[in-house]
Structure formats: C-alpha cells, structure tokens
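Report on the following structure.
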Amino acid sequence: GESVGLHLPTLSVQEGDNSIINCAYSNSASDYFIWYKQESGKGPQFIIDIRSNMDKRQGQRVTVLLNKTVKHLSLQIAATQPGDSAVYFCAEGGTGNEKLTFGTGTRLTIIP
Amino acid sequence: DAGITQSPRHKVTETGTPVTLRCHQTENHRYMYWYRQDPGHGLRLIHYSYGVKDTDKGEVSDGYSVSRSKTEDFLLTLESATSSQTSVYFCAISAGYGYTFGSGTRLTVV
C-alpha cells in the first residue's frame, strides 16, 4: 500500500504463492490507473493498466482490481517467481494521460 | 528501455555547479517528463513538455529548468546544484498507455 514514511511497505511471499499489493489513490476524478514494476537499478516498467469504467482486468499472471467507491487499487500476482521481486508502484491519471501521480511503492520479496 | 535514452547514467558534481541531464527519444512522442525519485517520496514530477518549446512545471520544479528545442530531446538543468538535489532522475515519455521510462541518471551533489 501507500507509504507515508521513509520506509517502503514490504511484502514477503513464498515462491509459487499468490501475492496481493494494495494502493489507495487520492483523486476521485482519476480515471486511468497503472501498475509499474521497478527492479533495482532500473526504471519503472509498465505491468498493467485499467480504466475507471472497469472493475477488473487480467494479464499474464497479473490481475488489477479497481474499487472506485473506496479509491482502492490492487495488483494480484499469481504463482510468484523470483523474478517478481521488485518495488511495485501504482499511478493514477486523467483521461488524457498527460500527467500521472505515483504512489510511493511496495517492495515485494519472493522467498525461494 | 526501447526508444528512450538518458545520459549520463551517473554523475557526481559539486555544490553550486550547473548540471544538465539529457533525455533522448526515438519515437516522436509529444509528451516528455522529468521525475526525481527519492526514498519515501516515490516519483515526483519536476517538469514536463507537451511539444517543442512547450513546457510546464511539476510539483518540485524549484531549482530546475528544462528545454525542448527538438521533439526528440528534453534537457533538465540544475542551475546551481545543491545537496538536496542528490537523487535518481528519470525521464519518461507518454506512449499511449502509461509512460515508458528511461533507465535513470543517478546524480550525487557533494
């Protein structure tokens, strides 16, 4: 979920298990949401996105859920692998996608 | 990342000196962005551009300026570097679905 301090929230999951990462977004007018993955020393990478007219979207091993009522976004990763260890960010934006606002991230560690 | 290059990748500079970071894209995207990333703050927008010579400020623009004289290049200048500008800087382009980020520039101001 979101971090308000100097330390990222962390989540440790056993390899092969499913993981859920949560994000509370701030702007009720946002209608576009994205999850990014950032590995150490690299830039963030797009994972999956969802528009506000949807509640759920699935990709390969990932699912994003959107609850607009409580302004909550989650990322589910199925059958986690060591390569899933990274920091995951949510981002929110408007229709034009000109400016995104990013959360502070959650560090996911996969335990072999 | 494909189509977007940042330079330099690493730089150490002294307090008070000007520093310019470069972002180059090969995909002719209109929107380009500069973010800084610091522990506990995530990615914060410094400046962005919506076309050649069209730029605007983000949430942490003080002490930074930008220029975009060509579609493919977006320059970020620290006019007089301070230790608080030690950070990792990311450039991004708006690629139709979210952003595509460069690999980042790690800047240390001593």
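Things to note:
- Output for region B:33-46, where each listed residue is more than 11 Å from every other protein chain (Cβ to nearest Cβ) and either without any contact (Cβ under 8 Å) to a residue 12 or more places away in the chain or out of contact with any helix residue (DSSP H, G or I) (no Cβ under 9 Å at 6 or more places or on another chain) (or both): B:W34, B:I46
- Selection from region A:41-55 of residues that are without any contact (Cβ under 8 Å) to a residue 24 or more places away in the chain and within 13 Å of the chain's Cα centre (by Cα): A:Q45, A:F46, A:D49, A:I50
- Taken over region A:60-79, residues that are crowded, with 20+ Cβ neighbours inside 10 Å and closer than 14 Å to A:V13 by Cβ amount to 2.
- Flag for B:R9 being under 23 Å from A:K37 (Cβ atoms), within 13 Å of the chain's Cα centre (by Cα) and open to solvent by 40 Å² or more (accessible area, probe 1.4 Å): yes
- Residue list for region B:54-95, filter: open to solvent by 50 Å² or more (accessible area, probe 1.4 Å), of a type outside the set (V, I, T) and either within 11 Å of chain A (Cβ to nearest Cβ) or more than 11 Å from the chain's Cα centre (by Cα) (or both): B:D54, B:D56, B:K57, B:E59, B:D62, B:S69, B:K70, B:E72, B:E79, B:S80, B:S83, B:S84
- The single residue among A:I34, A:I47 that is within 11 Å of chain B (Cβ to nearest Cβ), open to solvent by 20 Å² or more (accessible area, probe 1.4 Å), in a strand (DSSP E or B) and in contact with a Phe, Trp or Tyr (Cβ under 9 Å, 6 or more places away or on another chain) turns out to be A:I47.
- Strands (runs of 3 or more DSSP E) completely within region A:50-112 that count 3 or more residues being within 12 Å of chain B (Cβ to nearest Cβ): A:86-93, A:100-102
The values are calculated or read from the model by the stated rules, or taken from the named source; none is laboratory data. Bear in mind that the values here come from a model prediction, so they are computed numbers and not experimental data. Virtual Cβ from ideal backbone geometry, glycine too; neighbours counted across all protein chains shown. What goes into the accessible areas is simple: the full protein's heavy atoms, side chains included, and nothing from ligands, DNA or RNA. Shrake-Rupley method; radii C 1.70, N 1.55, O 1.52, S 1.80 Å.
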